[in-house]
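The values are calculated or read from the model by the stated rules, or taken from the named source; none is laboratory data. Everything numeric here is computed off the predicted structure, so don't read it as measured data. Here the Cβ positions follow ideal geometry from the backbone for every residue, glycine too, while neighbour counts run over all protein chains shown.
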Amino acid sequence: MNNKTQHANPSKSRSPRHRAREFALQGLYQWLLNNEDSGVIDAHIRQAHGFDKADREHFDALLHGAINHSIELREEFAPLIDRGIKELSPIEHAALLIGTYELKNHIEIPYRVVINEAVELTKSFGGIDGHKYVNGVLDKLAVKLRPNEVAAK
């Protein structure tokens, strides 16, 4: 994330849950780059402009869930990527952690919403084609983690 996007304000038209994902992505980005303590990252993000409009409960679940369960989340998507995890851009990596966490732990959120949200995050903060990559990986992961829901579509 460059300075411009690192402090990007969530769009005014975004839902509180989408804002929570944006802030969680920013927190995971910090964690991936600096390996900072999640509590320090959490405190910093909560002071960011616009955080008051985010779904705090979902932010907590995503940030802390993705960090605390990063090993098993990576084990879920690692077989589906075409490079080593360390070769992923931090934005792609963070979006995959968020998407994988939501696919596994928030079955009340339709899998297509999870994938679309991760794609939108990657479009907003990532490189040119990162969103296509994230979309492809999470599409395959949804088949594995939510086979009945995917088959029903």
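For the range 66-99, which positions are farther than 16 Å from L25 by Cβ, assigned to a loop (DSSP other than H, G, I, E, B) and among the aliphatic types (A, V, I, L, M)?
Result: I81, single match.
Assuming R14 fulfils every condition listed in (1) closer than 22 Å to L88 by Cβ; (2) modelled with pLDDT under 95 apart from one, which condition is it?
(1)
Could you list all residues from the range 70-128 that are in contact with a helix residue (DSSP H, G or I) (Cβ under 7 Å, 6 or more places away or on another chain) and β-branched (V, I, T)?
I81, I85, I91, I98, T100, I109, V114, I115, V119, T122, listed by residue number.
Which condition number does L73 fail, the rest of (1) free of Cβ contacts under 8 Å to residues at least 40 places away in the same chain; (2) under 14 Å from R21 (Cβ atoms); (3) surrounded by 22 or more Cβ atoms within 10 Å (Cβ to Cβ); (4) not acidic (D, E) being met?
Checking L73 against (1) free of Cβ contacts under 8 Å to residues at least 40 places away in the same chain; (2) under 14 Å from R21 (Cβ atoms); (3) surrounded by 22 or more Cβ atoms within 10 Å (Cβ to Cβ); (4) not acidic (D, E), the one that fails is (2).
In the list I45, I109, I41, which residue meets the criterion of being free of Cβ contacts under 8 Å to residues at least 12 places away in the same chain, β-branched (V, I, T) and either assigned to a helix (DSSP H, G or I) or surrounded by 14 or more Cβ atoms within 10 Å (Cβ to Cβ) (or both)?
It is I109.
Considering (1) within 24 Å of P147 (Cα to Cα); (2) under 12 Å from the mean Cα position of the chain (by Cα), say which one E108 fails and leave the rest.
Tallying (1) within 24 Å of P147 (Cα to Cα); (2) under 12 Å from the mean Cα position of the chain (by Cα), E108 fails exactly one: (2).
Got a sec? Which of K123, K104, K132 is farther than 26 Å from E57 by Cα and of a type in the set (D, E, K, R)?
On the way: K123 fails: farther than 26 Å from E57 by Cα; K104 fails: farther than 26 Å from E57 by Cα.
Within the list K123, K104, K132, the selection yields K132.
Among what's in the range 112-134 and is modelled with pLDDT of 95 or more and aliphatic (A, V, I, L, M), pick the residue that is surrounded by the fewest Cβ atoms within 10 Å (Cβ to Cβ).
In this case the residue turns out to be V113.
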